[in-house]
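Q: Mind having a look at this structure? Questions to follow.
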Amino acid sequence: MTLTRRDLGKLFLTVPAAGLFSKDVFAAAFAAKPDSKWAGVQIGMNVPYSYGTRTMPVDEVIAKTAQLNLSAVELRSQPIELFLVVPQTVLEPGREKAAQQKAAQDLRDWRLKNDPSKAAAVKKKFDEAGIKVEIVKYDGIYDFNDPELDYAFALAKAAGARAISCELEVEGSKRIGQFADKHDLMVGYHGHTKTTGAMFEQAFSFAKHNGANLDIGHYIAGNLGDPVEFIRKHHDRITHIHVKDRKAQANGVDGANVPFGQGDTPIKPALQLIRDNKWPIQGTIEFEYKVPDGSDRMGEMAKCVEYCKQALLSKT
């Protein structure tokens with residue numbers, strides 16, 4: 001019988017079990033690395049967004065991710081820059097427009113005075129925990145000036161990422177794509193319920209390294225078509241997919257976010273398509289549904305991870 005770290009933790013809390021194992025056995029068990037690659041498909045999570053915030057210390061991000069047995073992430077830039085000692089007030093300026101504008105300028109000034117290669121220390125911490133930073137996500141990237149864009153790509157590379165991600169603004173993707181080609185790093189553009197397949201395709205046409213972070217839940221909720229067919233057609237441009245379950249659009253109203261398995265999103269077919277074709281596309285859980293009464297966020301995210309695992313291990 002193979003015991004997981006969670007199983008061993010439960011055993012350790014009982015007096016009889018505590019006498020069955022040496023301290024060395026427990027130390028080895030809890031030092032085990034997380035592993036969320038099943039049937040060749042890497043499952044990850046958009047962090048720390050899925051944990052309920054954009055700004056969270058790296059150590060806390062790692063602890064929560066390891067607790068969920070996840071071995072890969074799409075990591076937002078904020079934890080990396082917090083680790084590099086950016087002032088928290090610059091990342092969380094509040095809702096006033098003047099304060100936001102000042103914070104954006106202060107953040108730009110800070111970035112251009114700092115060495116993005118120092119993000120290698122963040123990579124080291126994640127690597128030591130057995131977690132790969134595959135994608136770094138940026139907010140507000142279309143407002144970055146040229147030196148700031150160079151910084152953004154360099155920071156992502158130093159953190160170990162194989163791509164960056166951001167929201168899709170079609171015209172803006174032409175300029176971002178030029179920098180992606182320059183730095184030889186993919187950009188996964190994220191779409192919402194109004195982002196059509198044609199919009200992604202136009203972005204693809206602008207640059208070799210322009211790609212897609214297809215959100216299969218949003219695609220269904222916005223009645224944009226079949227996300228499985230989009231993946232089949234554009235797999236070589238997809239950096240990662242966002243995995244969530246949403247209801248289909250009804251009477252012009254976008255479908256709701258719901259617990260995995262309760263909506264209309266073809267999560268299982270999408271993951272199995274990636275599995276069967278051995279495409280290097282991360283299935284990135286993005287947690288957005290309301291936590292049911294009597295449950296908690298971490299418990300619900302663990303259910304999402306297990307749902308993806310079972311979908312990939314299923315033969316049907």
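The values are calculated or read from the model by the stated rules, or taken from the named source; none is laboratory data. All figures in this text were calculated on a predicted structure; none of them were measured in a lab. All Cβ positions, even for glycine, are placed from backbone atoms using ideal geometry, and neighbour counts span all protein chains on display. The area values use the complete protein model at the heavy-atom level, side chains included, leaving out ligands, DNA and RNA. Shrake-Rupley method; radii C 1.70, N 1.55, O 1.52, S 1.80 Å.
Q: Within segment 47-86, which residues have the backbone N less than 16 Å from the label spot 7 Å out from Lys118 along Cα→beta-carbon, could you tell me?
A: In segment 47-86, the label zone of Lys118 (backbone N under 16 Å from the point 7 Å along Cα→Cβ) covers 58, 78-86.
Q: In the structure shown, do any of Lys97/Lys208; Lys137/Lys244; Lys137/Lys174; Lys64/Lys118 have a Cα-Cα gap over 28 Å, and if so which? Mind showing how you got there, number by number?
A: On the way: Lys97/Lys208 36 Å; Lys137/Lys244 18 Å; Lys137/Lys174 18 Å; Lys64/Lys118 23 Å.
The pairs that break the limit, which is 28 Å between Cα atoms, are Lys97/Lys208.
Q: Can I ask one more? Where nothing but the Cβ of Lys and Arg (+1) and of Asp and Glu (-1) is charged, how large is the charge dipole of the chain around its Cα centre, in debye to the nearest 20? It would help to have the intermediate numbers written out before the result.
A: Working: 42 positive and 40 negative charges, 138 e Å.
Using Cβ point charges on Lys, Arg, Asp and Glu, the chain gives about 660 debye.
Q: Now a separate question. Counting only protein heavy atoms, what percent of the accessible surface of the chain is carbon or sulfur at a 1.4 Å probe?
A: Working: 7890 of 14790 Å².
Carbon-and-sulfur percentage of accessible area, whole number: 53.
Q: For Glu201, put the label point 7 Å out on the Cα→Cβ axis and report which residues of segment 224-267 keep their amide N under 11 Å from it.
A: Answer for this model: 234.
Q: Taking a quarter of the surface of the Cα convex hull of segment 186-265, what do you get in nm²? Before the final figure, lay out each step's value.
A: Numbers: hull surface 19.3 nm².
Over every viewing direction, the Cα hull of segment 186-265 projects on average to 4.8 nm².
Q: In terms of Cα to Cα distance under 14 Å, which aspartates and glutamates are near enough to Lys303, apart from those fewer than 8 places away along the same chain?
A: Partners found: Asp245, Glu286, Glu288.
Q: Return the single residue from Val305, Val253, Val90 with maximal mean-square fluctuation; model: Gaussian network over the chain, springs between Cα atoms under 10 Å.
A: Sorting by GNM fluctuation, first place goes to Val253.
Q: Please work out the Cα center distance from segment 261-279 to segment 44-119, rounded to the nearest Å.
A: Measuring centre to centre over Cα atoms gives 30 Å.
Q: Out of every Cα-Cα pair in segment 31-91, what percent are more than 20 Å apart? Numbers along the way, then the final one.
A: Working: 534 of 1830 pairs.
Result for the distance tail: 29 percent.
Q: Under a 1.4 Å probe, what is the accessible area of the chain per residue, stated in Å²? Don't skip to the end; give the middle numbers.
A: Values: 14790 Å² over 316 residues.
Ligands and nucleic acids excluded, the figure is 47 Å² per residue.
Q: So, in nm, how far is label Glu300 from label Ala99 when the simple model puts each one 7 Å beyond its Cα toward the Cβ?
A: 2.7
Q: Using just the alpha carbons, could you tell me how many Å³ per residue the convex hull of the chain encloses?
A: Details: hull volume 50.0 nm³, N = 316.
So the per-residue Cα hull volume is 158 Å³.
Q: Long-range amide H contacts for Ala248: which residues qualify at under 5 Å (H placed 1.01 Å from N, peptide plane, sequence gap of 5 or more or a different chain)?
A: So Ala248 has HN proximity to Asp264.
Q: What would the Debye equation give as log₁₀ I(q)/I(0) for segment 148-284 at q = 0.09 Å⁻¹, counting only Cα atoms as equal point scatterers?
A: Log-scaled intensity ratios, in q order: -0.26.
Q: Sticking with this one: List the aspartates and glutamates whose alpha-carbon lies under 16 Å from that of Lys182, not counting same-chain residues fewer than 8 positions away?
A: Asp146, Glu148, Asp150
Q: Okay, next question. Considering only DSSP states other than H, G, I, E and B, which trypsin sites (Lys or Arg not before Pro) in segment 249-316 qualify as loop sites with at most 14 other Cβ atoms within 10 Å? Don't skip to the answer; put the middle values down first.
A: Working: sites: Arg275, Lys278, Lys290, Arg297, Lys303, Lys309, Lys315; in loops: Lys278, Lys290, Lys315.
In loop regions of segment 249-316 (DSSP not H, G, I, E or B), the sparsely surrounded trypsin sites (Lys or Arg not before Pro) are Lys278, Lys290, Lys315.
Q: In segment 123-235, with Lys and Arg counted as +1 and Asp and Glu as -1 at Cβ, which of these residues, Ala158, Pro147, Gly211, has the Cα nearest the positive end of the dipole, that is, farthest along it?
A: Ala158
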